[in-house]
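Reading through the structure tokens given below for one structure.
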Amino acid sequence: MRRWNDRMLKTKMFIAFSVVSLFIVGITCSIFYYKNTSDIQHQTFSLSNIISKQFSEMIDLYMRSVEELSLAISIDPSIQNILFDFYKTSDPVGKEAVGYKLNPILFNFSYPKTYVQSISIYSLDKHLYQYSKLVEPKPRELLPEERLKEFSGSLNREPFALLPSAEVHTDKEGSPERVVSFVRKITKIPTQTIIGFVSIQINVNAFNMVLANATANELESTMHVLIVADEGRIIYENGSSAGEGARFDTRVFEHAGSEGELRWKDTDYLYTFVRSSYTGWHTVILIPKHVLLLKQKRIQDIVLLVGILTMLSIAAVSYLLSHQITLPLNKLMRHMSRVELGDFSHRMEYAGRNEIGKLSRMYNHMLGSISRLIHEVYESKLAEKNAQLSALHAQINPHFLYNTLNIMKSISRLRGIEEVAEISESLAGLFQYSMKNLHQPVTLREEIEHIDNYFKIQQHRFGSRILLHCDIPPELLEASVLKLTVQPLVENAVNHGLRRVKAGGRITIRAAQAEGVLTLTVQDNGEGIADKEKARLEEALRKANPLNHYDEVSHGIGLLNIRQRIQLYYGKDYGLNIYSQPGEGTSVSLVVPLAVKIQSAKEAAL
């Protein structure tokens, strides 16, 4: 059994160390993991915001250069003169011949600009003249009426317009490329009347070069960059060709923030966006969440590996530490078990200079002290207890005896022999009760009879000014109480509570029991105890003990003695309780264990 207990102690210490260490390591690793993953996400958003702003600003610069090119074309004197000649000719063949004069001029404008796919001139009568860098350009055709209306509507209040992107073919077998049309009015100088439109088609693949200058190499291969119009049409998407009807969820742009999470094309992304005040386009950066999850997975693996290694190290240290602690403790427990059986001869041998060694030396000194003092201290305490009981008894009676003799002297002079005889008879009963077996409990009935003898004497002193009333259930009259524990309470009520009462003084003795506890209460309707004196008396009752008398109260010595006798006999859970208000009387409750005293025939005869 002892070995089992030893193992239990070691196991408990090991488990306690391990659990605490696991908790600390777990909290530390969790904080580290979540802090780092949060930092990664925050850094990703920050970098994505920077890229989107840079890319949007570079696109704006790009489109501003296109605007400058369109302005140069619209105010070019040669183009204006050709358009004047075009409107003067009514012959279709003549118009076509005039149109051919535009080709070399448009060539000069488009050739240095690699991003220009084609330049078109539209007349007000729906004719189209176009220069294109395509291998097989589309043939010139009349401008549809709806196209002309679209231009007029777009340029009604703005100097230029950006039309939605469209697909064009570079050759017969090649895949289509997306272009954006930049349209501007051509106005007659100086009248500013509209004489045509110029449309510059820009290949959106040229945006790849802009993106390469704006992005970091780490994200370039994983992120998606979109340029989205207000209506949701995707103008540009890196890494793939957006279809003619490709759309983006514009509800993202309605959110309060410019960053967050979304699901697009069955993939989860972190997004940021910025809107250009110049083009009205939204530059959207999408970072796949699985890229972040890979980084988080690497951090998680590192944290897990560090946590496991830390826990293994802590477990080993905890085991060794618990073993080093429990080994001398187990030895000490074996020695203490012998002491428990009464063998004080064994001593603890431990050469260490740590706390266990100090404990072992203190244990050895303690055994020596116990062996030396066990008889003298224990026996002296028993003798002291009996002496205290005797001293308490001697302390209770002299004051009362002195008062009684004064009463007898006064009455013998004033009223004669019969009354003195009555007082002497009561006094004899008091002496007989007080001097016999003080340390033995008596019945409550005997204590009440003793109080009756005492009160007969006091009534000769006070007459009808005070009355005594007992409210005690018959079954409690045989309850066991210590001698002279209730009578001093009545004496206190007479001498202190009712000393100034002229008439109507009343003392009531009550008895009640609950849960094995007997409560005896002595209550008077006298002047009560002042708050200051009551506080001192309660302090005295709380601090006083048989070896330390409390002398800071002017009266109440009898209460202190009664409390000490009760606690010496029954224990510290029992004693006295005082309830008093100035002018409303005092109530003192005596609390003792409930026990019924069975008298022998010899005691009954006495």
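The values are calculated or read from the model by the stated rules, or taken from the named source; none is laboratory data. Quantities reported herein were computed from a predicted structural model and do not represent experimental measurements. Virtual Cβ from ideal backbone geometry, glycine too; neighbours counted across all protein chains shown. What goes into the accessible areas is simple: the full protein's heavy atoms, side chains included, and nothing from ligands, DNA or RNA. Shrake-Rupley method; radii C 1.70, N 1.55, O 1.52, S 1.80 Å.
Applying 0.36 nm per residue to the separation of Ile50 and Lys358 and subtracting their alpha-carbon distance, the gain on full extension is 104.2 nm. For Val517, the residues 5 or more places off, or on other chains, whose built amide H falls under 5 Å of its own are Leu594. Fully extending the segment from Arg372 to Lys543, taken as 0.36 nm per residue of separation minus the present Cα-Cα distance, adds 58.5 nm.
Note on Lys358: accessible area approximately 120 square angstrom, rounded to 10, probe 1.4 Å, nucleic acids and ligands left out.
Here the Karplus relation 6.51 cos²θ - 1.76 cosθ + 1.60, evaluated at θ = phi - 60°, turns the backbone of segment 326-338 into coupling constants of 6, 4, x, 5, 5, 5, 5, 5, 5, 5, 5, 5, 5 Hz, with x for every Gly and Pro. Here the 3J(HN,Hα) profile of segment 519-533, calculated from phi with Karplus coefficients 6.51, -1.76 and 1.60 at θ = phi - 60°, is 10, 10, 10, 10, 10, 10, 10, x, 7, x, 10, 4, 4, 5, 5 Hz, Gly and Pro shown as x.
In the structure shown, do any of Lys53/Lys297; Lys53/Lys113; Lys101/Lys133; Lys35/Lys265; Lys113/Lys188 have a Cα-Cα gap over 20 Å, and if so which? Too far apart for the 20 Å limit: Lys53/Lys297; Lys53/Lys113; Lys35/Lys265; Lys113/Lys188.
Extension gain Tyr111-Ala256, at 0.36 nm per residue separation less the Cα-Cα distance, in nm? Intermediate values should be presented prior to the final figure.
Working: separation 145, 0.36 × 145 = 52.20 nm, distance 4.44 nm.
Taking 0.36 nm per residue and subtracting the Cα distance, the gain is 47.8 nm.
Rounded, prolate or oblate for segment 269-333? Axes are the square roots of the Cα gyration tensor eigenvalues, ordered a ≥ b ≥ c, and the cut-off for rounded is a/c under 1.5. Please report the intermediate quantities before stating the final value.
Working: a/c = 10.48, a/b = 5.27, b/c = 1.99.
The shape class here is prolate.
Over 30 Å apart at the Cα level, from the set Lys483/Lys534; Lys331/Lys572; Lys456/Lys572, are Lys331/Lys572; Lys456/Lys572. Applying the criteria of a DSSP loop state and at most 14 other Cβ atoms within 10 Å to the trypsin sites (Lys or Arg not before Pro) of segment 243-336 yields Lys265. Cα centroid separation, segment 490-516 to segment 46-112: 120 Å.
Model label points for Asp230 and Tyr319, set 7 angstrom from Cα along the Cα-to-Cβ axis, are 7.3 nm apart. For Ser181, the accessible surface of its heavy atoms amounts to roughly 10 Å² (probe 1.4 Å, protein chains only, rounded to the nearest 10).
Rolling a 1.4 Å probe across all protein chains gives Tyr569 an accessible area of roughly 110 Å².
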